[in-house]
Amino acid sequence: MKQNKQSFQHESLQDSKSIEKILSAVTSGLAKGKLQFSDEEDEIIFHPEGLMKLKISAAQDDNQQRFNIKVSWQRDNNKINKTLKVN
């Protein structure tokens, strides 16, 4: 089975309004079934569908506060038109 692993990572400082716009774009992409992440260096496109796993975590250490949102799903490989022949 061929595995095509691609990844995208972006890190920057943003104000809360900018982050709100990014999260809004993510929710809009989920609703449309297409998530496209890109910057000057890289791009990746997903087509999420079906059931998804959602994980939300939050933590506070001294002066630092953070939260993480993780969404994952399995691609439906049945949609790939491949014929298996066994003789």
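We did not get these values from a lab; they are worked out from the coordinates using the rules stated. Bear in mind that the values here come from a model prediction, so they are computed numbers and not experimental data. A quick note on method: Cβ atoms are made from the backbone with ideal geometry, for glycine too, and the neighbour counts reach across all protein chains shown.
List pairs: first in the stretch 24-40 and free of Cβ contacts under 8 Å to residues at least 12 places away in the same chain, second loosely packed, with under 11 Cβ neighbours inside 10 Å, Cβ under 6 Å, 6+ apart or cross-chain?
Correct list of pairs: empty, since none qualify.
Residues that are surrounded by fewer than 10 Cβ atoms within 10 Å (Cβ to Cβ) and more than 11 Å from the chain's Cα centre (by Cα): list the strands (runs of 3 or more DSSP E) wholly contained in the stretch 1-78 that include at least 2 such residues.
So the answer is 53-61, 64-72.
Tally the residues that are touching a strand residue (DSSP E or B) at 6+ places or on another chain (Cβ under 6 Å) and of a type in the set (Gly, Ala, Ser), restricting the search to the stretch 47-58.
The number of residues fulfilling the criteria is 2.
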